[in-house]
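Trainee: Input: one structure, supplied below.
The values are calculated or read from the model by the stated rules, or taken from the named source; none is laboratory data. Just so you know, these numbers come straight off a predicted model, no measurement behind them. Quick reminder, even Gly has a Cβ in these numbers, built from the backbone with ideal geometry, and neighbours come from all protein chains shown. Note: accessible area is taken over every heavy atom of the protein model, side chains too, but ligands, DNA and RNA are not part of it. Shrake-Rupley method; radii C 1.70, N 1.55, O 1.52, S 1.80 Å.
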Amino acid sequence: MIPPPELQGQVVALHHVAIAVRDISNVAPFYAKSLGLETIGEPEYVADQKVNVLVLAAGGQRIELIEPASPDSPISRFVEKREGLHHLAWQVDDLEAVLVRLKAAGLRLIDENPRPGAHNTRIAFLHPASCGGVLTELVQIPESASN
Ligand code: ZN
């Protein structure tokens, strides 16, 4: 299969792997202590998603532990069934332009416009049906940030 041209040169890197959990404080010690990942800051409440997010990193790779911050959080139903891998996030330089191109190419977008993410990022989700069954997030980091 020839890759479609919509995003060639647009995806900079894998930004994070998100793991949905019921309680960050129960799971964080495995990543921080058993695996020795570096905890980046404190858990952050992301109001738009109604989740708390804790970022951990090693070797330039990061994971995000996400927990529901209220019963009507988008991930509440997910973690009721099971904790586990929730989505992959890819960093792009120009999120709005990428969303326009993907929509024009017929991909299913969950978010047609960027929303606020953790650490002052802008994010948008793509539907798993267009992404090989994986919930996919696109992330644009703020201009002033170095990572
Ligand atoms: Zn994410």
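Trainee: Within segment 105-119, work out how many residues are at pLDDT below 90, outside any loop (DSSP other than H, G, I, E, B) and open to solvent by 30 Å² or more (accessible area, probe 1.4 Å).
Mentor: Going through segment 105-119 one residue at a time, the tally reaches 1.
Trainee: Being among the acidic types (Asp, Glu) and surrounded by 14 or more Cβ atoms within 10 Å (Cβ to Cβ) narrows it down to one of 38, 44, so name that one.
Mentor: 44
Trainee: I need the full set of residues from segment 123-146 which are in contact with a strand residue (DSSP E or B) (Cβ under 7 Å, 6 or more places away or on another chain) and among the small types (Gly, Ala, Ser), in order please.
Mentor: 124
Trainee: How many residues does segment 61-75 contain that are free of Cβ contacts under 8 Å to residues at least 40 places away in the same chain and out of contact with any Lys or Arg (no Cβ under 8 Å at 6 or more places or on another chain)?
Mentor: Of the residues in segment 61-75, 1 are free of Cβ contacts under 8 Å to residues at least 40 places away in the same chain and out of contact with any Lys or Arg (no Cβ under 8 Å at 6 or more places or on another chain).
Trainee: Would you tally the residues in segment 36-80 being in a strand (DSSP E or B) and not aromatic (Phe, Trp, Tyr)?
Mentor: 24
Trainee: It is to be established whether one or more residues within segment 50-72 are within 16 Å of the chain's Cα centre (by Cα) and of a type in the set (Ser, Thr, Tyr).
Mentor: no
Trainee: With 112, 44, 96 as the choices, which residue is within 16 Å of the ligand (Cβ to nearest atom) and acidic (Asp, Glu)?
Mentor: Only one candidate qualifies: 44.
Trainee: Look at residue 133 and say whether it is over 18 Å from residue 9 (Cα atoms), at pLDDT 95 or above and open to solvent by less than 80 Å² (accessible area, probe 1.4 Å).
Mentor: yes
Trainee: Quickly run through segment 74-100 and pick out the residues that are touching a helix residue (DSSP H, G or I) at 6+ places or on another chain (Cβ under 9 Å), surrounded by 13 or more Cβ atoms within 10 Å (Cβ to Cβ) and more than 14 Å from residue 140 (Cβ to Cβ).
Mentor: 83, 86, 87
Trainee: Would you confirm whether or not segment 82-104 contains a residue that is among the small types (Gly, Ala, Ser), modelled with pLDDT of 95 or more and either part of a loop (DSSP other than H, G, I, E, B) or in contact with a Pro (Cβ under 7 Å, 6 or more places away or on another chain) (or both)?
Mentor: Checking segment 82-104: not a single residue is among the small types (Gly, Ala, Ser), modelled with pLDDT of 95 or more and either part of a loop (DSSP other than H, G, I, E, B) or in contact with a Pro (Cβ under 7 Å, 6 or more places away or on another chain) (or both).
Trainee: Okay, moving on. Does segment 1-35 hold any residues that are surrounded by 14 or more Cβ atoms within 10 Å (Cβ to Cβ), charged (D, E, K, R) and either at pLDDT below 95 or assigned to a helix (DSSP H, G or I) (or both), and which are they?
Mentor: Within segment 1-35, 6 is the sole residue that qualifies.
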